[in-house]
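> Dumping the structure here so I can ask a few things about it.
Here, each number is a calculation from the coordinates, and none is a lab measurement. On a predicted model such as this, the values are computed, not experimentally measured, just so you know. Reconstructed Cβ throughout: ideal geometry from the backbone, glycine too, with neighbour counts over all protein chains shown.
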């Protein structure tokens, strides 16, 4: 049944200011407290993530809560191996700087959440995917960003572990062959709050300026 048109809410200047503040304070968290996060809160965040836009309304995101201790340990070992390989790609001062970085919160974060894109989903009936099939993955990325912002608004931190072998994660979590790993997330209460990126504070990479990203043709 189709819903009748509804009057949209009015987002005033105060709301827009708070929204920008949410964007600023949304950080990639690597340092977590070990306090548990209420299961209802996690389910609520996933539910909000499912409000994200998706190509053809395909909703290709699939969320896996990783609760089994052995599977978590396997993912951690996966990260350590990948991190060692990544370190070998750097030399000199950059290698020394890399070695000092804390690049995951796998040990302390109480919640591990893997996000996948179902590449063979029948939802959406293929709309919008014939010319750019990768938009299924982009849709799942949008869901990750929505979850990230919703989590920050609830006082929860999220860290994205990208130094990892995705094929090994899929094997560890025994997921269908048609699911592609998009993100492995650590979730919990942050040990400290910062409005600037940790990699900026560590001197790894400063923020760019609008002129670096906006082009006109």
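> Working only within the range 1-36, note down all residues that are closer than 13 Å to residue 150 by Cβ and surrounded by 15 or more Cβ atoms within 10 Å (Cβ to Cβ).
Result: 26, single match.
> Would you check if residue 174 is under 20 Å from residue 114 (Cβ atoms) and in contact with a helix residue (DSSP H, G or I) (Cβ under 8 Å, 6 or more places away or on another chain)?
Answer is no for this residue.
> Okay, next question. For residue 112, indicate whether it is surrounded by fewer than 16 Cβ atoms within 10 Å (Cβ to Cβ) and in contact (Cβ under 8 Å) with a residue 40 or more places away in the chain.
Considered against the rule, which asks whether it is surrounded by fewer than 16 Cβ atoms within 10 Å (Cβ to Cβ) and in contact (Cβ under 8 Å) with a residue 40 or more places away in the chain, residue 112 comes out as no.
> Yes or no: residue 164 in a loop (DSSP other than H, G, I, E, B), under 23 Å from residue 37 (Cβ atoms) and within 19 Å of the chain's Cα centre (by Cα)?
Yes: the conditions hold for residue 164.
> Now a separate question. Condition (residue is assigned to a helix (DSSP H, G or I), over 22 Å from residue 73 (Cβ atoms) and touching a strand residue (DSSP E or B) at 6+ places or on another chain (Cβ under 9 Å)) applied to the range 189-196: is it met by at least one residue?
Within the range 189-196, not a single residue is assigned to a helix (DSSP H, G or I), over 22 Å from residue 73 (Cβ atoms) and touching a strand residue (DSSP E or B) at 6+ places or on another chain (Cβ under 9 Å).
> Which residue out of 59, 130 is in a loop (DSSP other than H, G, I, E, B) and at positive phi? Talk me through it step by step, then tell me what you get.
On the way: 130 fails: at positive phi.
Being in a loop (DSSP other than H, G, I, E, B) and at positive phi holds for just one of 59, 130, which is 59.
> For the subset of the range 115-127 comprising residues that are touching a helix residue (DSSP H, G or I) at 6+ places or on another chain (Cβ under 6 Å) and not in a loop (DSSP other than H, G, I, E, B), which member is surrounded by the fewest Cβ atoms within 10 Å (Cβ to Cβ)?
124
> In the range 1-47, how many residues are without any contact (Cβ under 8 Å) to a residue 40 or more places away in the chain and either part of a loop (DSSP other than H, G, I, E, B) or at positive phi (or both)?
Matching residues across the range 1-47 total 13.
> Here's a follow-up. Check 98, 90 and return the single one that is assigned to a helix (DSSP H, G or I), surrounded by 11 or more Cβ atoms within 10 Å (Cβ to Cβ) and in contact with a helix residue (DSSP H, G or I) (Cβ under 9 Å, 6 or more places away or on another chain). Full working, then the answer.
Working: 90 fails: assigned to a helix (DSSP H, G or I).
Step by step, each of 98, 90 is checked, and only 98 is assigned to a helix (DSSP H, G or I), surrounded by 11 or more Cβ atoms within 10 Å (Cβ to Cβ) and in contact with a helix residue (DSSP H, G or I) (Cβ under 9 Å, 6 or more places away or on another chain).
> So which of 155, 159, 203 is part of a loop (DSSP other than H, G, I, E, B) and under 18 Å from the mean Cα position of the chain (by Cα)?
None of the others qualify; the one that does is 155.
> Further, regarding this structure: Name the residues in the range 30-51 that are within 13 Å of the chain's Cα centre (by Cα) and closer than 23 Å to residue 117 by Cα, would you?
The initial filter retains those residues of the range 30-51 that are within 13 Å of the chain's Cα centre (by Cα), namely 30, 45-46, 49.
Within the range 30-51, 45, 46, 49 meet the criteria.
> Counting just the residues of the range 56-82 that are buried (at least 21 other Cβ atoms within 10 Å of the Cβ) and out of contact with any strand residue (DSSP E or B) (no Cβ under 8 Å at 6 or more places or on another chain), which one comes out nearest to residue 41 (Cα to Cα)?
By that ranking, first place goes to 58.
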